[in-house]
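I have placed the structure first, in the form of structure tokens, so that the comments after it can refer back to it.
Please treat every number below as a calculation from the coordinates, not as lab data. The shown structure was predicted, so the numbers you read here are calculated from the model rather than taken from an experiment. Note: ideal-geometry Cβ built from the backbone for every residue, glycine included; neighbour counts use all protein chains shown.
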Number of protein chains: 2
Amino acid sequence: MRIEILCTGDEILTGKTVNTNYSYIATRLVEFGLGVHWGTTVGDDRESLLLAFRQAAERADAVIVNGGLGPTVDDLSQEVAAQAAGVPLVLHEPWLARMESFYARRNRVMPANNRKQAMLPEGAEFIDNPIGTACGFAVDVGKTRFYFTPGVPREMRRMVDEQIIPRLLARAGMRQATRLKRFHSFGIGESRADELLAGIEAMAPDGRVKLGFQSHYPQLETKLAARGADQTEIDRMLAPIEAEVRRRLGNFILAEDGATPESVVLEALRAQGGTLALAETLTGGGIAARLAPLPGAEALFRRGLVARDLGQLRNALGLPETDGAAVSPALATEAATALCARSGASHALAVLIALDDGPDRMETGGTICIGIADARGSVSREARLLGGREWVRLGAMELGLDCLRRRLLGLPVDERIDFERR
Amino acid sequence: MRIEILCTGDEILTGKTVNTNYSYIATRLVEFGLGVHWGTTVGDDRESLLLAFRQAAERADAVIVNGGLGPTVDDLSQEVAAQAAGVPLVLHEPWLARMESFYARRNRVMPANNRKQAMLPEGAEFIDNPIGTACGFAVDVGKTRFYFTPGVPREMRRMVDEQIIPRLLARAGMRQATRLKRFHSFGIGESRADELLAGIEAMAPDGRVKLGFQSHYPQLETKLAARGADQTEIDRMLAPIEAEVRRRLGNFILAEDGATPESVVLEALRAQGGTLALAETLTGGGIAARLAPLPGAEALFRRGLVARDLGQLRNALGLPETDGAAVSPALATEAATALCARSGASHALAVLIALDDGPDRMETGGTICIGIADARGSVSREARLLGGREWVRLGAMELGLDCLRRRLLGLPVDERIDFERR
């Protein structure tokens, strides 16, 4: 089945907004084995839209249209869809009632121009939008099915995941209930993950589970896109596969689905009634910047210290400045221990980096020393990463967070990662 | 003139890579008054590419094609361009020689498949790529001119700016030398900037300077896109206009062109032989994270402290913990002064935030107290921002950096900004 994506709107066409809606839709189509054949972008312009609909109808079996469903005069999708389908626009009474009650619940009167959002091409299939005033719909232009989604990203995402993908799977004769299961890992490269997970897809019948990866250094996302008759069947089918992925990727899995290593660390701290202090060199406080804005972090995150110079670090922590010590695992645990004592936090993490001298090249590396202190004592980890300064910096932040996660969860802190050189 | 953008490549089509190249090209076209009429995305697939070329040739006067110029078998742009234009591919000897010397300078032998990158459609206009092995070219398909650019963003950007835009301007009968002048400001909203700069475009003849804005809160970018016969003419034309923009936007201009408030602050510190220490609450160390990774920052950035709790802040700075003091301008200057003393830095900036209680809504605000200490003494600034927690956090970071910039440059620190509520 040939599927196209058609994005409308002047903001997208003129580049003022980067088209992340397109990538979201395309990624989902690929994940569920549907694929994507063509992408078109046009502005809020009647002539272009009509031509785009007609040309897409000649090329594709199905088209997902994004944008142009708003209440203003430059939102033309319903109108041009009706024109392309050769039918009039008719009022969809239930949606008008839904919008009116939506406004009524907020003690407001619905503006008159919102009525336009309930005008759909005659005979169109209604597609619900549970979180906005722009409903979706589907209509045929020639032999091609067009699915209309709003431009607001969170509305579009929910409709694509819950309603459009299942409809497309049905059209392609595939099972329609879907689920996307995600694992976030650190320390395993994409090619090794691919090797480690060989044969995983074959655990489900008829290619109903597709394995995919998305690498965003230093993390790797491993995805299982599952299709089934319903969620219960998917549950049954996925459970042993998920367990097997967890077994094979092991301690390298940082978090699953919407969780992040930051949220996992905060959750573990909360569960243990703990609090946290951080000391960072060279990461510019990047670990603190990831943790501190999270919901509930204020109660757990005590203090962060950033310094490039070890003398500053020692001074701020009240450590003796006698030895001209370099970055070492011993200094990292010393810093973490002092940080616990001074801040009163139950856990402290120190991430120290000694970066290679010279110009910044792909071969530039850094030695990372991590120290963690808590009521049980202290632990350290040393690693050498390559790939230029920014790469080392990103790797060091992730390694620091990961060591803390491992310490909190009782996992080994010193497990070799793929990015490491010894 | 109708201009289209055609992006090729499976990574883009399948959504694995967000198409920022498209937005870059479209933004440039709009900035120089050329506009963009249509966008197409296809994969590394001969049939789709050929159809996309033919359909674009029917719709447009000019097409910018991006991607598909690499050395591997899935890079098909030259080949399909030749097919669409109805001409054979021929070797472009000078480019082959350039590539060979490029490899020779690096003591490497050019791989055989790179030769493919010197094969251009017969009669094509060669377009130089000064920083890569994929040269560009232009060729006619029917009455439409197609311009080919590589997918590597920095190569594409340079070619679009220096070579494609001038050619399109020439084709549109407009002057061909171009320059984009950019001003980054903080504290003026887009609509007020638009008012303040009324009549600026009219200072240049024949619409040769176009004014544009790009808002990325909390900064606003003001752009002057200039066209002229040559750079000397543009120099002469722009000088009084730039001066007028500087006069009207005044102290709110943070930086120009490639500079940022961070780089301006570091440059001013360097010029004064100064060093810096920071204390932040609630921004999660976000100011430190912006400053610390910059080139040369290690020599100037002494220490950063992050704490949500004022008790932690006082403890870390050795301030008396007697009064249960709230966030105040006095506490901010006290913190900055203590920070100078303890870190030995010549300048210290403290950014303290008291955030409204309750759920995070658009109306949620925060009171921001900024203290700066240096050899001249100390200064403070208080402001109230609204718009939800993240908005307040971003605004506070920018306001802190801006106050430091103003102090370092001898400008008034207490100038009211548009985002402020009193």
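Computed over the alpha carbons of the stretch B:240-366, Rg followed by Dmax gives 17.2, 57 Å. Averaging 1/r across all pairs of distinct Cα atoms in the protein assembly as shown and inverting the result yields a Kirkwood radius of 29.9 Å. Angle of helix B:46-59 to the longest C-alpha principal axis of chain B, folded into 0 to 90 degrees and rounded to 10: 90°. Take each residue of peptide A:29-41, count the partner chain Cβ atoms within 10 Å of its Cβ, and average: the result is 5.
Rounded to the nearest 20 Debye, what is the dipole magnitude of chain B about its Cα centre when Lys and Arg each give +1 and Asp and Glu each give -1 at the C-beta? Let's see the in-between values first.
Working: 51 positive and 55 negative charges, 149 e Å.
For this selection, approximately 720 debye.
The stretch A:303-380: which trypsin sites (Lys or Arg not before Pro) are DSSP loop and have at most 16 other beta-carbon atoms within 10 angstrom?
Passing both the DSSP loop test and the Cβ count: A:R361, A:R376.
For the pair A:H216 and B:D194, a Förster radius of 41 Å applied to the C-beta separation gives a FRET efficiency near 0.65, rounded to the nearest 0.05. Scanning chain A for the Cβ atom closest to the axis that brings A onto B yields residue and whole-Å distance A:G285, 2. Restricting the stretch B:287-359 to GluC sites (Glu not before Pro) that sit in a DSSP loop and have at most 13 other Cβ atoms within 10 Å of their own Cβ leaves B:E321. Applied to the stretch A:203-217, the Karplus parametrisation 6.51 cos²θ - 1.76 cosθ + 1.60 on θ = phi - 60° returns per-residue 3J(HN,Hα) values of 6, 9, x, 6, x, 7, 10, 10, 9, x, 10, 9, 9, 10, 3 Hz, with x for Gly and Pro. For the stretch B:48-118, count all C-alpha to C-alpha pairs, find those more than 13 Å apart, and express that count as a whole percent of the total. The calculated P(r) of the stretch B:48-118 puts 71 percent of pairs beyond 13 Å.
Percent of C-alpha pairs per 10 Å bin in chain B, short distances first: 4, 18, 22, 19, 18, 13, 5, 1, 0. Label point of B:E93 (7 Å along Cα→beta-carbon): distances to the other copies' equivalent points are 8.0 nm, sorted ascending. Helices in chain B, meaning DSSP H runs of at least 4 residues, each add -39500 (n - 2.57). Divided by all residues, the mean residue ellipticity at 222 nm is -11000 deg cm²/dmol. Scattering from the C-alpha atoms of the stretch A:119-196 alone, worked out with Debye: what is log10 I(q)/I(0) at q = 0.21 1/Å? Per q value, in the given order, log10 I(q)/I(0) is -0.97.
Considering every pair of different Cα atoms, what Kirkwood radius, in Å, is found for the stretch A:3-171? Walk me through the numbers before you get to the answer.
Details: mean 1/r = 0.0627 Å⁻¹.
Evaluated on the stretch A:3-171, it is 15.9 Å.
Taking each residue as 0.36 nm, the span from B:R2 to B:R46 lengthens on full extension beyond its C-alpha to C-alpha distance by 13.3 nm.
Between the Cα long axis of helix B:329-343 and the first principal axis of chain B there is an angle of about 80°, rounded to the nearest 10.
With a Cα-only, solvent-free Debye model of the stretch A:177-256, what are the log10 I(q)/I(0) values at q = 0.25 Å⁻¹? After summing over all Cα pairs, the log10 values are -1.20.
Using a 7 Å projection from Cα along Cα-to-Cβ, the label point at A:G410 is separated from the same position in the remaining copies by 6.5 nm, smallest value first. Please report, to two decimal places, log10 I(q)/I(0) for the stretch B:352-403 at q = 0.28 Å⁻¹ as given by the Debye formula with identical point scatterers on the Cα atoms and no solvent. Here the Debye-derived log intensity ratios amount to -1.02.
Between 0 and 90 degrees, the angle of helix B:261-271 with respect to the longest Cα principal axis of chain B falls at about 70 degrees. Starting from the label point of B:K116 at 7 Å along Cα→Cβ, the same points in the other copies fall at 4.9 nm, in ascending order. Backbone phi angles across the stretch A:234-248, fed through the Karplus curve with coefficients 6.51, -1.76 and 1.60 (θ = phi - 60°), yield HN-Hα couplings of 5, 3, 4, 6, 7, 3, x, 6, 4, 4, 5, 4, 4, 5, 6 Hz in residue order; Gly and Pro are listed as x.
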